[in-house]
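The structure appears below as structure tokens.
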Amino acid sequence: MNTHPPPMAYLVSRYPAISHTFILREVQRLRDLGHTIFTASVNPPDRSLDAMEAYERKEAQDTFFIKAQGALGAMVALLYWAVRSPTTLWRTLWLGSRLGKDGSPLYGLAYAIEAVLVARWMRQHDLKFLHVHFGSVGATVGVLVKKLMNCHLSYTIHGPDEFDDVFGQHLPLKMQEADSVICISQFAKGQLMRISDPKNWPKLQVCRLGIDPAQFTYSVRPMNKRRVELLCVGRLSSAKAQVLLVQACAQLRDEGLDFALTMVGEGPDRARIEQTIAGLQLEPQIHLTGALNQEAVRAHFARADVFVLPSLAEGIPVVLMEAMSSGVPCISTPVNGIPELIEHGRTGLLATPGDVPSLTTQLRRLIQEPELRRSLAEAAHAKVLADFDLGVNVPKLSRIFSQFDATGS
């Protein structure tokens, strides 16, 4: 293993972003361990600099934003590669035209031009290693960067979005072209094994995400509260299924249970959620905050008695780890990688995906059984410390990266 890990480029679809804070934390930890990491983002940040916390603002100021280079930047990068490697540039553009969204050559050429920009930026910083988070468009750009400059290419694959459209996302090709693939769960690794040639299986390694437990204060909740505070944090989307949570709350109210639900997040399903709340006359019980920064989310964890995430599809949500680290017992669903974090009845409760009566049953249990809330919270906290501590998992990732010089192309 090398004592001096190679400098790397990190490519993300949008960075910094509230939903990708775990990537920023990972990058910071890797730098603390001696890695030199340059960050690139296909899209601009999800907020203005003024709306960011200080550490996010600094990261944004140091990140290479691909689309922000505009037409002039694209032309300069194309000319750069046309002079140095005209044949390779042509082959990259041709491959890109075959990798477009919905088979569109124009989308594919756009990805190829983004790759041209990334490759020139990497060459300017003498970077020979590219790591991409997620297996979607960013990974497509990564394949094209490798085609153009023969860099070492690795991904972190999360799921489940990549698995919803295996061939539209060109996942078999991406597995073929990668030099190393990090899977955040055993579930993700299994799905990639299912769709890739067995000769590519040795590339696949499980390295879990994690959180910094020091960022979240573990506290024991009072047992005798009259009103139980429920909390849901996540993008408001059909995949997160918050509408089902609202419907379950209507049943709980009709049973006379005393609770309040706070939903933190923003997204395309907000209007439908608000309409469902209004239609069921749940305004006294449910409050939507919109998107909040990490400090505000931590404050909600400190007040909550139960955390709920009734998702229909997930990787292993970092927000569940955060809630568990804070001492909040969790209810979720046994989809994708979640059972690797939550064992039903021991470290949390799992409701049948898409089933309102099942979700209602699990909520009722935690509202009515404070002793169960406490025992689940204690076991959940221990689970996070054992398997999802950033201080343990990022050094493991560091060791994988540090081997790239010896094993890479």
Residues in segment 219-241: is at least one surrounded by fewer than 23 Cβ atoms within 10 Å (Cβ to Cβ), in a helix (DSSP H, G or I), of a type in the set (K, R) and in contact (Cβ under 8 Å) with a residue 12 or more places away in the chain?
-> no
Here is a list of conditions, (1) modelled with pLDDT of 95 or more; (2) within 18 Å of L390 (Cβ to Cβ), and S19 meets all of them except one; can you say which number that is?
-> (1)
Output for segment 259-281, where each listed residue is without any contact (Cβ under 8 Å) to a residue 12 or more places away in the chain, part of a helix (DSSP H, G or I) and not aliphatic (A, V, I, L, M) = Q275, G279
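Return yes when F167 is within 23 Å of L312 (Cβ to Cβ), in a helix (DSSP H, G or I) and either assigned by TED's automatic domain parsing to the domain that holds L30 or touching a helix residue (DSSP H, G or I) at 6+ places or on another chain (Cβ under 6 Å) (or both) and no when it is not. Can you show your working first?
Details: within 23 Å of L312 (Cβ to Cβ): yes; in a helix (DSSP H, G or I): no; either assigned by TED's automatic domain parsing to the domain that holds L30 or touching a helix residue (DSSP H, G or I) at 6+ places or on another chain (Cβ under 6 Å) (or both): yes.
Answer is no for this residue.
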Of the criteria (1) in contact with a strand residue (DSSP E or B) (Cβ under 6 Å, 6 or more places away or on another chain); (2) in a helix (DSSP H, G or I), which one T289 fails = (2)
Criterion: crowded, with 16+ Cβ neighbours inside 10 Å and either in the same structural domain as Q403 (by TED's automatic domain parsing) or not charged (D, E, K, R) (or both) - qualifying residue of G265, G290, G279 | G265
Would you check which residues across segment 132-164 are within 15 Å of the chain's Cα centre (by Cα) and either assigned to a strand (DSSP E or B) or closer than 17 Å to V42 by Cα (or both) and list them?
-> V132, H133, F134, G135, S136, V137, G138, A139, Y155, T156, I157
Report, by residue number, each residue of segment 45-74 that is more than 27 Å from the chain's Cα centre (by Cα) and either among the charged types (D, E, K, R) or over 21 Å from L11 (Cα atoms) (or both).
-> L72
Count of segment 310-329 residues which are surrounded by 24 or more Cβ atoms within 10 Å (Cβ to Cβ), farther than 14 Å from V220 by Cα and more than 15 Å from the chain's Cα centre (by Cα) = 1
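The values are calculated or read from the model by the stated rules, or taken from the named source; none is laboratory data. On a predicted model such as this, the values are computed, not experimentally measured, just so you know. Every residue, glycine as well, gets a Cβ built from its backbone with ideal geometry; the counts of neighbours run over all protein chains shown.
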